[in-house]
Structure formats: C-alpha cells, structure tokens
1. Among (i) 1.06; (ii) 0.96; (iii) 1.47, only one was calculated for this model; which label is it, if the read-out is Cα Rg over 2.2 N^0.38 Å?
2. Please give the length that would be gained between T12 and R84 if that part of the chain were fully extended, namely 0.36 nm times their separation in residues minus their C-alpha to C-alpha distance (nm, one decimal).
3. Straight distance only, please: which aspartates and glutamates reach the Cα of K113 with their own Cα at less than 12 Å, same-chain residues fewer than 8 apart left out?
4. Excluding same-chain residues fewer than 8 positions from K78, which aspartates and glutamates have a Cα within less than 18 Å of its Cα?
5. Quick one: putting +1 on the C-beta of Lys and Arg, -1 on the C-beta of Asp and Glu, what dipole do you get for the chain around its Cα centre, in Debye to the nearest 20?
6. Sequence-distant or interchain residues sharing an amide H contact under 5 Å with Y3, placed H: which?
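Please treat every number below as a calculation from the coordinates, not as lab data. Please read these numbers as outputs of a predicted model, since none were measured by experiment. All Cβ positions, even for glycine, are placed from backbone atoms using ideal geometry, and neighbour counts span all protein chains on display.
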Amino acid sequence: MHYAISTTWGPTDTTRASLPFIFAASALEAGDTVMIMLFHDAVTVAVNGSHQKMLPFGPPPRFEEVFTNPNAEVIVCKPCAEARGITENMLLSNCKIGGMNDFHAHVSREDCKAVTF
C-alpha cells in the first residue's frame, strides 16, 4: 500500500505536527511506502535542524524515522516555502520542493490512500 499524506502543522503546534510522521512511521514499519506533502507551516519541519527541536506533548517524536527511510518521500510546497524564505538548499537532503501536481500524482496511484492531517 502507498499512503499520500498531507499536513499543514509545523512548530506552532508540535504535537499536531508529529501526527503525520507517527502515522507514516507506522506505515513504513508495516512495509508500506509513504509520501508526505508539507504545506503551510509544516514546510518548516523539513528545514535542516528544525525537527530535532520539535518535541510533541505526549506522543513520541518519529520525524527522524521518516526522514531517513528510503521508502518515504517528503515534498515541500514550493509557494509555501518561498513565502517563508525557505530554499531547497535549506532542506534535509532527502526532501524536495514540489507542488500540488506532485501530490495529485501520488493520490492518483491505484495503490494509494490519501490521509490528511
């Protein structure tokens, strides 16, 4: 199974920001593939050094498990990043800049389920 996950939560609410990564880590443990599309405030999670400072209240942080897994793809919304002064060279090495066409391509896969946080 492939999961296309979209989220808008970032450091303004670290617990909500962690939920899509917890789900993604669980899916990866089950042998599935995931793509997380970061929109709005969530784009800051992909900035190098950012997620290490984000400690959710309650659930365990599982950002690193997703960012380092070869079966996970993280796409950062280009206009959302540009509005915040974030450039591709500021992102973690396995993240890339993209847009809604990328999200649509994943959601359109026959084996995909979309999940929104």
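1. The listed entry that was calculated here is (ii).
2. Contour length minus the Cα-Cα distance gives 24.5 nm.
3. Partners within reach: D32.
4. D41, E88, D102
5. 240
6. T33, V34, M35, K113
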